[in-house]
Every structure is written in structure tokens, then in C-alpha cells.
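Worksheet: one structure, shown below.
Nothing in this text is a laboratory measurement; each read-out follows from the coordinates by a stated rule. Nothing here was measured: the structure is a model prediction, and the numbers come from that model. Glycine also receives a Cβ, built like all others from the backbone with ideal geometry; neighbour counts cover every protein chain displayed.
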Amino acid sequence: MPSSMSCVKNVCNRLLRTVREREVPASQEKKKAAMLRDIAATRLIEVFCRQEDALAVIWEIQNIEKTEVKADAVQVNKQTEHTGTYKVRGHFAGIPWHNEFAYVLHEQGFHSTEAHPPASGARIQGGFVAVATGEQSCTILHYEQYVLPQWAVPLKPLIVWYLQWSMQKELHDLRAIILERAAKDMTQSNVLEQSSPLVPKSGPPG
């Protein structure tokens, strides 16, 4: 039976293959230019909580406003139980930006992509995946993919560094919210159990 860490690695590899799938350019020069513009980054963090506790926070899209370093304000438009859009306004390394994304919730997290991409395809996409590694532990994977504008290609190393820093900070903030909410839910559950009156078991009439 595969170990929990190998499962996490398999998920990572699957996601990287998915986010990197793009139409192959006609010439090698175009292919090379496209690769220079691509960024695919991933970060992992261990959280000592149940997978369902992590997913409850991850599925709440409004929490992006609390954890995403690049987001100052998020407006969520829920369409169904599992799909919707959200508008983001914020700063990327100090540069103002805004965009709208379409999201899909799935059994292990969520994926979002640019809601109104150009004809060439989505320039921004990403998401979160929570993989159970034990009864009270899970690994959260955060991934982001970008297609840089041509003018930003010389800045790619700095952009990658900034993304790695911001994504790791985002995961630490997300973990703090998950653990705080899990502790609060546990406390409330204990209070309810202690305050509930004992109800005698019913049985057949004597």
C-alpha cells in the first residue's frame, strides 16, 4: 500500500502536468518563447487536523481575502454548491492589479482559473488540495501557474522568488485559520455535550 507521502507526491505530479498542459506552438522558437513565459509553482505544508477541517476552510472562497498576500479585497459570486466566480483587487509585489476568476470545488480542495482569458488561454490559475496523511493530520498543496507578459520575462527570477515567499506565507496563514476554527468547533462541541440533558433510552412498554 503506498505511503501517505507518495500519495502527496503523486497528487503534486498530476497537478503540475495538468497546469502545464498547453497547446504546443508550431515552431521550436515559439515553443521556447512560451516556456520562458510560463511559471508553475507549488508549496506544501503539514497541518495537524482532520482533512475535513482543512477542507471546510479551503472551500470557503472568501478566506482568500484573509490569506492571499496579493489580494486586498475579494468579492465572491456563488453560482452553485460547487462553482462560482470571485473578483480580486490587490497588489502583486506592490503593483496594483485586479481580475475575476472562476472556481470549482472538488473533493480534495478547489481549482480556479481566469474567468475572462484572452484567446491564447488563461494567464493565471491555481488552487489548493488537502490530502489526508492520518486521522488527525493532512498535507495541503498550494499551486499557482502564470503566463507572463513578454515585458516581464527578464523579471522572471524575481517573480518566482516573490511567488514562493507569498505562497508559503499564505499556507502558514491558512494553517492558522484552520487550527483556530478546528479548536473552536471542538470547544463548542464539548460545551454542547456537557449542557445536553440526559435523555433516558426508550424501550418497549412493560
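Miscellaneous remarks
- Rg over Rh for segment 36-188 works out to 0.98, using Cα positions for both radii and the Kirkwood form for Rh.
- For segment 56-72, 3J(HN,Hα) per residue [Karplus equation, 6.51 cos²θ - 1.76 cosθ + 1.60, θ = phi - 60°, Hz, x = Gly/Pro]: 4, 7, 4, 5, 7, 4, 4, 5, 4, 5, 8, 10, 6, 4, 7, 10, 9
- Taking all Cα pairs closer than 8 Å and separated by 6 or more residues, the relative contact order of segment 87-128 comes to 27 percent.
- Legend: distances between Cα atoms for K66/K169; K78/K156; K70/K169; K70/K156; pairs beyond 22 Å are K78/K156.
- Sites F48 and K156, calculated FRET efficiency, Cβ-Cβ separation with R0 25 Å, nearest 0.05: 0.10
- Fewest-first ordering of W165, W59 by other beta carbons within 10 Å of each residue's beta carbon gives W165, W59.
- Simple spin-label estimate for Q75 and D173 in nanometres, 7 Å along Cα-Cβ: 2.0
- Label reach from Q136 (point 7 Å along Cα→C-beta): in segment 45-79, amide nitrogens under 11 Å belong to 48-50.
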